[in-house]
């Protein structure tokens, strides 16, 4: 049963649930209606009989009882003495034999009783009400009999009506529900058909959004938002591949030319130096690409040791700074502290920022580490041309080309800042670009400070 149910369409399942629920409600409603009408009809029958008995009792008490007793409709009336003998009766009543046996008469004092209609020559069952003519002991009893043929006939008509009307009503409501559910699910079918046509190759592929502001509209909006994100990711991938191809073309072409020249004319020391520079640039580009690929895949950078605990920010980096050629790298007063990065990640961040500053600085690159409020701030500033505020967001794009004063044709790969931002954001930090005190570029890397409150500033440089 479960396998059959799960194999049906949503429309069929909704219809089945709705019709079963409607059938149960209608069945309960029909039973309640039949019961309520039957009780009301019997109550009305008993009320009329009691009213007739009360009128006859007044005639008995006033000694004005006519013979025969006048009645209306199909009622039959008898007046019995204390011994159960018939004192008077209606024209259609038995004048010799009591309609009720002594036991039935005793029960009738508490409420109406039912007796066979054959006692009065009728085919219908009789409902008999008995009422004493006065409170006095031994007072005559007034017995009123009402045939229940009309009540049984009305109950039969009601049952037939319900049995015939119930399936017809269920059928009509089922057809209406089938059409309504189909119209409701039409946008879902449109979404499914449109999703089948999405190939991933176009830039304007979208799903139709229904006009109604309901859950299906919200689903369509969400799916279109997902398609937009996928298209953006596809565009970034295409741009990345194109930029990689473009960036690798120049150093490879240069290597081919230099190798050809060296092969034909012999290699001088300068030629070897140029070839080594191109190889270094190509190696740096490939290394940066591999780092970005690992970060995009959510992998950690390979570390020389298995430890992944946060490390002190700059201890151990002064030696590396001494090896940097070009403009002077000044390591300022450093506050002892830690950041949530492994040593290999921290060295990559600091190395990329210092290399970036060294390429564009005129005379100096300043490196510092401070604690501001609850943040640990690593700053690298140079006295180069800087980056215009309008270009700072774009500076983090991969292979971004800025103005010629800050381009990457001076040895960079165009991926340094992108790698720094990826590494820092993965560890819960943030990277901000600004203007240094000398007018160059200021790069600030901020983390929530994880230092021991008792640490003190350690002067270096």
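Within the stretch 392-401, being over 13 Å from residue 443 (Cα atoms) and either without any contact (Cβ under 8 Å) to a residue 60 or more places away in the chain or surrounded by fewer than 15 Cβ atoms within 10 Å (Cβ to Cβ) (or both) holds for 394, 397, 400, 401. When the stretch 119-159 is filtered for residues that are in a loop (DSSP other than H, G, I, E, B) and under 19 Å from residue 43 (Cβ atoms), the ones remaining, listed by number, are 124, 125, 148. When you scan the stretch 362-375, do you find a residue that is under 19 Å from residue 418 (Cβ atoms) and in contact with a helix residue (DSSP H, G or I) (Cβ under 9 Å, 6 or more places away or on another chain), even just one? Within the stretch 362-375 (the criterion being under 19 Å from residue 418 (Cβ atoms) and in contact with a helix residue (DSSP H, G or I) (Cβ under 9 Å, 6 or more places away or on another chain)), the answer is no, since none of the residues qualifies. Filtered by the rule that a residue be farther than 12 Å from residue 145 by Cβ and buried (at least 18 other Cβ atoms within 10 Å of the Cβ), the stretch 70-89 gives 79, 80, 88. Within the stretch 199-219, being more than 24 Å from residue 15 (Cα to Cα) and either touching a helix residue (DSSP H, G or I) at 6+ places or on another chain (Cβ under 7 Å) or at pLDDT below 75 (or both) holds for 199, 200, 201, 202, 203, 204, 205, 206, 207, 208, 209.
Of all positions in the stretch 93-104, at least one carries a residue that is part of a helix (DSSP H, G or I), under 27 Å from residue 70 (Cβ atoms), at pLDDT 85 or above and in the same structural domain as residue 48 (by TED's automatic domain parsing). Of the residues 168, 173, the single one that is within 52 Å of the chain's Cα centre (by Cα), outside the structural domain of residue 220 (by TED's automatic domain parsing), assigned to a helix (DSSP H, G or I) and exposed (fewer than 12 other Cβ atoms within 10 Å of the Cβ) is 168.
Out of all the residues in the stretch 20-43, which are loosely packed, with under 12 Cβ neighbours inside 10 Å and either touching a strand residue (DSSP E or B) at 6+ places or on another chain (Cβ under 7 Å) or over 17 Å from residue 170 (Cβ atoms) (or both)? Scanning the stretch 20-43 gives 32, 35, 36, 39, 40, 43. Restricting 150, 81 to those that are more than 60 Å from the chain's Cα centre (by Cα) and farther than 30 Å from residue 18 by Cα reduces the list to 81.
Per-residue answers, yes or no, for (1) surrounded by fewer than 19 Cβ atoms within 10 Å (Cβ to Cβ); (2) part of a strand (DSSP E or B); (3) not assigned by TED's automatic domain parsing to the domain that holds residue 427:
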position	(1), (2), (3)
344	yes, no, no
350	no, no, no
353	no, no, no
356	no, no, no
362	yes, no, no
366	no, yes, no
381	no, yes, no
390	yes, no, no
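The residue of the stretch 368-379 that is farthest from the chain's Cα centre (by Cα), among those that are assigned to a strand (DSSP E or B) and surrounded by fewer than 22 Cβ atoms within 10 Å (Cβ to Cβ), is 368.
Count of the stretch 220-233 residues, restricted to those that are surrounded by 14 or more Cβ atoms within 10 Å (Cβ to Cβ) and either modelled with pLDDT under 80 or closer than 30 Å to residue 399 by Cβ (or both), is 3. For the stretch 368-389, residues that are at pLDDT 85 or above and in contact with a strand residue (DSSP E or B) (Cβ under 7 Å, 6 or more places away or on another chain) total 10.
The values are calculated or read from the model by the stated rules, or taken from the named source; none is laboratory data. It should be emphasised that the depicted structure is a prediction, and the values quoted were computed from it without experimental measurement. All Cβ positions, glycine included, derive from the backbone under ideal geometry; neighbour counts span all protein chains shown.
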